[in-house]
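**Q** Got a structure for you, written out below as structure tokens; questions coming shortly.
Rule-based calculations on the coordinates, nothing more; no lab input. This structure is a prediction, so every number in the text was calculated from the model and none was measured. Note: ideal-geometry Cβ built from the backbone for every residue, glycine included; neighbour counts use all protein chains shown.
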Amino acid sequence: MAKKEKKSDFISTGMVAQNRRANFDYLIEEKFTAGLELTGTEVKSLRLGHANINDAYGIEKNGEIFMSNMFIAEYANKGYSSHPEKRDRKLLLKKKEIIDIINALSRKGSTLVAIRLFFDVNGRAKLDIGLGRGKKNYDKREAIKDRDWKIQKARIMAG
């Protein structure tokens, strides 16, 4: 028997999932906010916070943008129908944004990564996506040095 969820466990607005490594692994050049084409059980599962976008990336199919490898857990009280946990989910973007993203993805080294999955004030599922390039190891070491220096500087100023 599936565990009964309380009404207070549901996320009506706010963050569902976040990809913290996106800014560390990629140099994000441009950000977009996109809607998602979801089924009913996917939305219910998202409202419980059962999602993972750490490995999600964007692909282009037939002039449309899809998020691939995004994990949304199966809904426990599903009844007779359910959804596959990892499937390509269509992103709802404006035509100009789609054209910009497709042109950017055609360049070598560019990728589309998921940054943040959330519910907006109207209760709709939205996905912040970033168009970026992969960082090299020396870029990552530089970012770590800068972050550590900012922490030390704050300690010195406070102390």
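**Q** What's the exposure ranking of L27, L93, going from fewest to most Cβ atoms within 10 Å? Don't skip to the answer; put the middle values down first.
**A** On the way: L27 13, L93 18.
Listing L27, L93 from fewest to most nearby Cβ atoms yields L27, L93.
**Q** Something else now. Going by a ≥ b ≥ c, the root eigenvalues of the Cα gyration tensor, does the stretch 104-159 fall in the rounded group (a/c under 1.5), the prolate group (a/b larger than b/c) or the oblate group? Walk me through the intermediate numbers first.
**A** On the way: a/c = 5.39, a/b = 1.38, b/c = 3.91.
Note, shape of the stretch 104-159 comes out oblate.
**Q** By the scheme Lys and Arg +1, Asp and Glu -1, what is the net charge of all other residues having a beta-carbon under 12 Å from that of L92?
**A** Cβ neighbours under 12 Å give a net charge of +3.
**Q** Taking the Cα atoms only, what angle lies between the long axis of helix 95-106 and the longest principal axis of the chain, rounded to 10 degrees?
**A** 60 degrees
**Q** Give the label of the value calculated from the structure for log10 I(q)/I(0) by the Debye sum over Cα atoms at q = 0.10 Å⁻¹, choosing from (1) -0.35; (2) -0.51; (3) -0.45.
**A** Here log10 I(q)/I(0) by the Debye sum over Cα atoms at q = 0.10 Å⁻¹ agrees with entry (3).
**Q** While we're looking at this one, here's another question. First measure r as the distance between the Cβ atoms of S12 and K61, then evaluate 1/(1 + (r/R0)^6) with R0 = 22 Å and state the FRET efficiency to the nearest 0.05.
**A** Values: r = 32 Å, r/R0 = 1.45.
Calculated transfer efficiency: 0.10.
**Q** On to the next question. In nm, to one decimal, how far is the modelled label at I102 from the one at D146, with both set 7 Å along Cα→Cβ?
**A** 3.4 nm
**Q** Here is a follow-up. For every helix of n ≥ 4 consecutive DSSP H residues, a contribution of -39,500 (n - 2.57) applies; sum these over the chain, divide by its total residues, and give [θ] at 222 nm rounded to the nearest 500 deg cm²/dmol.
**A** About -9000 deg cm²/dmol.
**Q** Given the Cα-Cα distance of R21 and Y138 and 0.36 nm per residue of separation, how much length would full extension add, in nm?
**A** Here the answer is 40.5 nm.
**Q** Could you work out the relative contact order of the stretch 14-158, using alpha carbon pairs under 8 angstrom and six or more residues apart, expressed as a whole percent? Kindly include the intermediate steps, with their values, before the conclusion.
**A** Details: 254 pairs, mean separation 47.5, N = 145.
Relative contact order of the stretch 14-158: 33 percent.
**Q** Any idea what angle helix 137-158 forms with the longest principal axis of the chain, computed on alpha-carbon atoms, 0 to 90 degrees, nearest 10?
**A** Once rounded, one gets 80 degrees.
**Q** Structure shown: which of K96/K140; K95/K126; K86/K136; K61/K96; K108/K145 lie over 24 Å apart, alpha-carbon to alpha-carbon? Show your work: numbers first, answer last.
**A** Working: K96/K140 32 Å; K95/K126 17 Å; K86/K136 29 Å; K61/K96 16 Å; K108/K145 28 Å.
In this structure, K96/K140; K86/K136; K108/K145 exceed 24 Å between Cα atoms.
**Q** What does the charge dipole of the chain about its Cα centre add up to, to the nearest 20 debye, if the Cβ of each Lys and Arg holds +1 and the Cβ of each Asp and Glu holds -1? Don't skip to the answer; put the middle values down first.
**A** Working: 33 positive and 21 negative charges, 81 e Å.
Approximately 400 debye in magnitude.
**Q** So for Y26, Y75, Y80, fewest C-beta neighbours within 10 Å to most, what's the order?
**A** Y80, Y26, Y75
**Q** Going by how many other Cβ atoms sit within 10 Å of their own, how do I72, I28, I65 line up, fewest first? Provide the component values of the computation, followed by the final result.
**A** Working: I72 28, I28 15, I65 21.
Sorted ascending by nearby Cβ count, the order is I28, I65, I72.
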